[in-house]
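Note sheet for the following structure.
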Amino acid sequence: MKYEPRERLQTVADVHADMQGRAMTRRERLAHWAELLEKAPDQRLSTLSETEYQPAWARDAMRSAGSPITVAFEDPLLRAEGLQDDTYAEAKRFFELTDWELHQLVCSCHSGGTVRAEAAARCVREILEPRPSLFAMLLNALLIVGSSRSHAA
């Protein structure tokens, strides 16, 4: 193996000096995945068929070449962080996702047989920054109205 200084490597590779010596957080792993998906926003990625109807053992083994999970697995940084393959179970473990979150991201019931990379990235970003549910917004509105009425009295 030939020695190359870091400066030389930075000209030919995507070197992340700030990542050396410490593991990425869940947030960093998810943000990096979203960035990978955003690099080719119009790329059509394969989905997994009806994940919600599969028994857990079958769902865990599910994979599809060219899926959003494959995009993550093809990245050297995420593999170095410990992403072992592009199966449903591995994505769930590595990115610390719930079945519901991963279902929203990779299941065919949302977009058919393929999904645009941009839509998958948006889904990953929503996991990072979840929007409040309609129920939560209504409850918050009621609490604000009730609070302002009690202060006005």
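The values are calculated or read from the model by the stated rules, or taken from the named source; none is laboratory data. Just so you know, these numbers come straight off a predicted model, no measurement behind them. Ideal geometry is used to build each Cβ from the backbone, glycine not excepted, and the neighbour counts take in all protein chains shown.
Quick check: anything in segment 22-35 part of a loop (DSSP other than H, G, I, E, B), among the charged types (D, E, K, R), over 15 Å from residue 107 (Cβ atoms) and out of contact with any helix residue (DSSP H, G or I) (no Cβ under 9 Å at 6 or more places or on another chain)?
yes
Checking residue 21 against (1) surrounded by fewer than 18 Cβ atoms within 10 Å (Cβ to Cβ); (2) in contact with a strand residue (DSSP E or B) (Cβ under 8 Å, 6 or more places away or on another chain): exactly one of these is not met. Which one?
Unmet condition: (2).
Select from segment 115-136 the residues that are surrounded by fewer than 17 Cβ atoms within 10 Å (Cβ to Cβ) and not in a helix (DSSP H, G or I) and list them in ascending order.
Selection gives 116, 129, 130, 131, 132, 133.
Condition first: in contact (Cβ under 8 Å) with a residue 12 or more places away in the chain and either polar (S, T, N, Q) or part of a helix (DSSP H, G or I) (or both). Now tell me which residues in segment 57-74 satisfy that.
59, 60, 61, 64, 67, 68, 69, 70, 71, 72, 73
Could you check residue 100 against (1) within 21 Å of residue 27 (Cβ to Cβ); (2) surrounded by 14 or more Cβ atoms within 10 Å (Cβ to Cβ); (3) out of contact with any strand residue (DSSP E or B) (no Cβ under 8 Å at 6 or more places or on another chain) and say which number it fails?
Exception for residue 100: condition (2).
How many residues does segment 35-72 hold that are in contact with a Ser or Thr (Cβ under 9 Å, 6 or more places away or on another chain), of a type outside the set (A, V, I, L, M) and on the phi < 0 side of the Ramachandran plot?
12
With respect to residue 103, determine if the residue is within 16 Å of residue 47 (Cβ to Cβ) and touching a Ser or Thr at 6+ places or on another chain (Cβ under 7 Å).
yes
Under 14 Å from residue 124 (Cβ atoms) and outside any loop (DSSP other than H, G, I, E, B), is that true of residue 77?
So residue 77 does not fit the description; no.
Against the definition (polar (S, T, N, Q) and touching a Cys at 6+ places or on another chain (Cβ under 6 Å)), how does residue 104 come out, yes or no?
yes
Evaluate the following for residue 51: is it touching a strand residue (DSSP E or B) at 6+ places or on another chain (Cβ under 6 Å), of a type outside the set (A, V, I, L, M) and modelled with pLDDT under 95?
Spelling it out, residue 51 is indeed touching a strand residue (DSSP E or B) at 6+ places or on another chain (Cβ under 6 Å), of a type outside the set (A, V, I, L, M) and modelled with pLDDT under 95.
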